[in-house]
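Some notes on the structure that comes next.
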Amino acid sequence: MNWLAICGSLRRASSNLALLEAAARLVPADVSVATYSLAALPLFNPDLEDDMPPAVRDWRAAIAGADGLLISSPEYAHGVSGVMKNALDWLVSGPEFVGKPVALLNATMRAEYAPAQLAETLRTMSGTVIEAACLSLPLLGGTRDAAAIVGEPSLAAPLRAALARFAAAVTDPAR
């Protein structure tokens, strides 16, 4: 199985990115995870859809080639990050995202609005949010990198379990 990890933050020291990197280390043995950076995507402009910029073509091909998506995005001003929303907007008119299984990983327990907004947007786009694989971990305010998350049993165990549930759902969509 090939999964794509997508971070809605462009910060180098993002706790969301650290969470995705930890997830890549904890996935079941038959899963490979590639991390996709959204930094190169231009601002969404429907006028460009007939002649898409190369970064958009690459983005859409990466989504099409993934068996499942791991998404971790911060909450900014009670909403989804602009980086994440922009990336999703580029997928709306294509078939690449339709039916794609998604696990939402949240790097804070304090986010109240963005996770629900993101899930609603993904469902509206015909993605399949696997609720049993969605997880929030208390990483905010810490300086944990992926190794620290993997090394902390209270963080690694629930993450590993969520990833196993996601793998089961991706393998057998009837679950």
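Here are some notes:
- Matching option when the condition is within 14 Å of Asn16 (Cα to Cα) and of a type in the set (Gly, Ala, Ser), among Ala119, Ala114, Ala77, Ala61: Ala114
- Number of positions in segment 6-35 that are charged (D, E, K, R), over 15 Å from Asn106 (Cα atoms) and either part of a helix (DSSP H, G or I) or out of contact with any helix residue (DSSP H, G or I) (no Cβ under 8 Å at 6 or more places or on another chain) (or both): 2
- Residue list for segment 85-122, filter: hydroxyl-bearing (Ser, Thr, Tyr), over 14 Å from the mean Cα position of the chain (by Cα) and surrounded by 16 or more Cβ atoms within 10 Å (Cβ to Cβ): Thr108
- Of the residues making up segment 137-175, those that are closer than 13 Å to Asn16 by Cα and surrounded by fewer than 18 Cβ atoms within 10 Å (Cβ to Cβ) are Pro138, Leu140, Gly141, Gly142, Thr143, Asp145, Ala146.
- Residue that is modelled with the lowest pLDDT [pool: residues in segment 132-141 that are among the small types (Gly, Ala, Ser) and closer than 17 Å to Ser9 by Cβ]: Gly141
- Residue that is modelled with the lowest pLDDT [pool: residues in segment 100-131 that are among the β-branched types (Val, Ile, Thr) and outside any helix (DSSP H, G or I)]: Thr108
- Residues of segment 4-31 that turn out to be surrounded by fewer than 12 Cβ atoms within 10 Å (Cβ to Cβ) and in contact (Cβ under 8 Å) with a residue 12 or more places away in the chain, as a count: 2
- Ile71 meets each of the listed conditions (1) in contact (Cβ under 8 Å) with a residue 12 or more places away in the chain; (2) farther than 18 Å from Arg11 by Cα; (3) outside any loop (DSSP other than H, G, I, E, B) apart from (2).
For every residue, the table says whether it meets (1) among the aromatic types (Phe, Trp, Tyr); (2) in a helix (DSSP H, G or I).
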| position | (1), (2) |
| --- | --- |
| Asp47 | no, yes |
| Trp59 | yes, yes |
| Val83 | no, yes |
| Asn86 | no, yes |
| Glu96 | no, no |
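The values are calculated or read from the model by the stated rules, or taken from the named source; none is laboratory data. All of these numbers come straight from a predicted model, not from anything done at the bench. Note that we place each Cβ from the backbone using ideal geometry, even for glycine, and neighbour counts take in every protein chain shown.
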